[in-house]
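Undergrad: Here it is: the structure, laid out below.
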Amino acid sequence: MTFQTPFSLLGDALAARGYSAPTAVQAAVLEDEALGRDLIVSAQTGSGKTVAFGLAMAPEMLGTDGKILPARTPLALVIAPTRELAMQVSRELSWLYEPTGARVVTCVGGMDPMRERRALNGGAQIVVGTPGRLRDHLERGALDLTGLAVAVLDEADEMLDMGFREDLEELLDATPDGRRTLLFSATMPKPIVALAKRYQSNALRISTADASSGHGDIAYQAMAIAPADIENAVVNLLRFHEAETAILFCATRDNVRHLHSSLTERGFAVVALSGEHSQNERNHALQALRDRRARVCVATDVAARGIDLPGLSLVIHVEVPRDAETLQHRSGRTGRAGKKGTAILLVPYPRRRRVEGMLRGAKIPAEWLSPPTADEIRAADSERLLSTLLTPVEPSEADTAIAQRLLAERSPEDIALALVQAYRTRLPEPEELLASEAPPQQGPRPGFEASTWFRINVGRRHNADPRWLLPLLCRRGHVSRSEIGAIRILGNESRFEVPTPIAARFLAAVRRTASEDDGVEIILAEDNSPGEAPRKPHRGQERDAKRPGPPRDRNFKHRKRMNKPNG
Ligand code: AMP
């Protein structure tokens, strides 16, 4: 099949690229009713929107011979929110318009402005850039928009979110009234509608995917896990999926740094993108991902805006996104141009309800699953190993020589075993998740003659369980397991005791380590007690001595205590 367009030279470029059919948004902008009109398009990254506006602006740019119109000043201006996106757009328009002889110039922050000025002076029909830098060039007289025929705002919602409204208005105000305006945006909040109203006339609205239901090619999964298990879950997910490229989202640069070091330490090929990295470091990181030296990218929302990584099939929301829009933006890094992607939300137990509400509100259908266990990963490894080793190889002479020496010195069985081991040692170890560990045993323990009770805002309702509460308390309070006494799970919260001599130190550590991200709050129990009187236990429960349960005696004389597993 060939890509049918009214512009034969652009058609040639598309065919050379191997694009055989238009994506939905490309087909929509090529409809007769869209020709020459202002357009307001809801399209996600990955929908092929760049080629779509490239095609949409063609009638204003090309002569009857299909070649670019001779023009001294730019005919088309494309404004995008980030450097990466602008450069990506520029690369895409360059190959698309190459057969027409058009010149594309890129103007982005962080690059040499003098070179850009020279390029603009040299004459360019298409200018692509970020709002601030374009405005600079406009104000200094290097960018002449008086002959502009078409303006494109790409990811307009992001640009407004990032505070570029004034820059956009100044740029658009410098263009002639008769120009066409094409507005592309993943979402259509009020400020976008207002912008469109002011700068467009009789615009055709195009919406190829239901913007509220996110991206069609992305399968959403959610996993409720113990807060202390998040990192282990990340490790297991990476190991289980073995994605060609995966991106992990964290809320802050500190968390990016921490996760990056921790994954590097375990042997993953990983890079980081956050506000603390220079443009040069960003370019290196992205290049490493493109040429597969790295397969995992840990990033903050802002740092990952607009990046396009072919082969990115897994997005993990290591920390729950702020809102559904952020969730969709982050997830939209995968499932691009018809490829399948998976977006996985790691949800600390205490946050499950909030996340369920967010998904429901945004009409995102997510499947709730458990993270893969170490056994499941080993099983998947074996499958992959077999399929890799059973694939026929095309041997070189050198390889054949080595193979023959091996066969002369060892049995085929030994060689096969060595191969399997060599394959396995390349892989980081999967983690045992807390929920699959044995629960802490109970038993009386000295050291708790004087104890202070604390409250934590997770209870039975949030799947609270001593198995994951204990490591969480140790990590947050900088204490060891033996310094946490009884843990009592109530409906909406839990209570636990700490020896009074270390209670102040525990509280200080808990305050210092508080982070909003896991939704867990730990405070002193005002009444210094294990909480409300327990319900009368069922008879069966009474007989079951091993079952962790609330103390039965209000005076706690015979209070049972949690102990370390195996004493
Ligand atoms: P975009 O939504 O513009 O970020 O595009 C996502 C990716 O899809 C880019 O790498 C495009 O080159 C690619 N693409 C665009 N149009 C097509 C098409 N018709 N067929 C296949 N891939 C496409």
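The values are calculated or read from the model by the stated rules, or taken from the named source; none is laboratory data. In this text, all values refer to a predicted model and were calculated from it rather than measured experimentally. All Cβ positions, glycine included, derive from the backbone under ideal geometry; neighbour counts span all protein chains shown. Remember, those area values only see protein heavy atoms, side chains included, never the ligands or the DNA or RNA. Shrake-Rupley method; radii C 1.70, N 1.55, O 1.52, S 1.80 Å.
Undergrad: Would you pull out the residues with amide H under 5 Å of LEU182's amide H, same chain only if 5 or more places away, H placed 1.01 Å from N?
TA: LEU39, ALA151, VAL152, LEU153
Undergrad: Additional query: How big is the antiparallel share of DSSP beta bridges in the chain, given as a percent to the nearest 5?
TA: Rounded to the nearest five, the antiparallel share is 20 percent.
Undergrad: Just in the stretch 1-76: which GluC sites (Glu not before Pro) are loop by DSSP and have at most 16 other Cβ atoms within 10 Å?
TA: The qualifying sites are GLU31.
Undergrad: Shifting gears a bit: Might you report the magnitude of the Cβ-based charge dipole of the chain about its Cα centre, with Lys and Arg at +1 and Asp and Glu at -1, to the nearest 20 debye?
TA: Dipole magnitude for the chain comes out near 2280 debye.
Undergrad: If you scale each eigenvalue of the Cα gyration tensor by 5 and take the root, what three semi-axes come out for the stretch 218-373, rounded to whole angstrom and sorted largest first?
TA: Value: 23, 17, 15 Å, ordered largest first.
Undergrad: Report the full-extension gain for the segment ALA380 to SER482: residue separation times 0.36 nm, less the Cα-Cα distance, to one decimal in nm.
TA: Stretched out fully, the ALA380 to SER482 stretch lengthens by 33.0 nm.
Undergrad: Tell me the Kirkwood radius of the stretch 82-133: reciprocal of the mean inverse pair distance over distinct alpha-carbon atoms, in Å.
TA: 11.1
Undergrad: Shifting gears a bit: Is there a pair in LYS190/LYS340; LYS49/LYS190; LYS49/LYS197; LYS340/LYS363; LYS197/LYS340 whose C-alpha atoms are over 29 Å apart, and which pairs would that be?
TA: LYS190/LYS340; LYS197/LYS340
Undergrad: Output the Kirkwood hydrodynamic radius of the stretch 379-495, Cα pairs only, in Å rounded to one decimal.
TA: 19.4
Undergrad: As an exercise, find the ratio Rg/Rh for the stretch 339-420 from alpha-carbon atoms, using the Kirkwood inverse-distance average for Rh.
TA: Using Cα coordinates only, the ratio equals 1.29.
Undergrad: Can you check what the Kirkwood hydrodynamic radius comes to for the stretch 144-196, Cα pairs only, in Å to one decimal?
TA: 11.5
Undergrad: Rounded to the nearest percent, how much of the accessible area of the stretch 218-373 (1.4 Å probe, protein heavy atoms only) is carbon and sulfur?
TA: 50
Undergrad: Ranking request for peptides 230-241, 494-505: highest mean number of other beta-carbon atoms within 10 Å first, then the rest in descending order.
TA: Per-residue Cβ counts within 10 Å, averaged per peptide and sorted highest first, yield 230-241, 494-505.
Undergrad: Additional query: Just the accessible area per residue of the chain, please: how many Å² with a 1.4 Å probe?
TA: Value returned for the chain: 49 Å² of accessible area per residue.
Undergrad: Also, quick follow-up: Please list the radius of gyration and Dmax for the stretch 1-140, considering alpha-carbon atoms only, with Å as the unit.
TA: 15.0, 48
Undergrad: Another question, if that's okay. Counting helices only, and only those DSSP H runs with n ≥ 4, report the 222 nm mean residue ellipticity of the chain as the sum of -39,500 (n - 2.57) divided by its residues, in deg cm²/dmol to the nearest 500.
TA: Using -39500 (n - 2.57) per qualifying helix, the result is -11500 deg cm²/dmol.
Undergrad: Translational diffusion coefficient, Stokes-Einstein: compute it for the stretch 489-534 using the Kirkwood radius over C-alpha pairs as Rh, at 20 °C and 1.002 mPa s, and state it as an integer in µm² s⁻¹.
TA: So the translational diffusion coefficient is about 178 µm²/s.
Undergrad: To continue, here is another question. How big is the chain on each of its three principal axes, counting only the C-alpha atoms and giving the largest first in Å?
TA: 93, 73, 42
Undergrad: Between Rg and the Kirkwood Rh of the stretch 24-88, both from Cα atoms, what is the Rg to Rh ratio?
TA: Computed over Cα atoms, the ratio is 0.98.
Undergrad: Return the distance in nm (one decimal) between the two label points of a simple spin-label model at ARG505 and GLU276, each offset 7 Å from Cα along Cα→Cβ.
TA: 2.8
Undergrad: Related question: Translational diffusion coefficient of the stretch 185-302 at 37 °C, 0.692 mPa s, Stokes-Einstein with Kirkwood Rh over Cα pairs, in µm²/s as a whole number.
TA: 191
Undergrad: Quick one: the Cα spread of the stretch 215-281 along its three principal axes, in angstroms, biggest first?
TA: Sorted largest first, the three principal extents are 33, 31, 22 Å.
Undergrad: For the stretch 452-513, max minus min Cα coordinate along each principal axis, in Å, sorted largest first?
TA: 30, 20, 17
Undergrad: Follow-up. Quick query: amide H of ALA219 versus all other amide H atoms, modeled in the peptide plane; which residues come in under 5 Å with a sequence gap of 5 or more or a different chain?
TA: Residues meeting the criterion, in which the H sits 1.01 Å from N, are GLY341, THR342, ALA343.
Undergrad: With θ taken as phi - 60° and the coefficients 6.51, -1.76 and 1.60, list the Karplus ³J(HN,Hα) couplings across the stretch 228-245 in order, rounded to whole Hz; mark glycine and proline as x.
TA: With coefficients 6.51, -1.76 and 1.60, one gets 6, 9, 4, 5, 4, 5, 4, 4, 5, 5, 4, 5, 6, 7, 6, 5, 4, 9 Hz.
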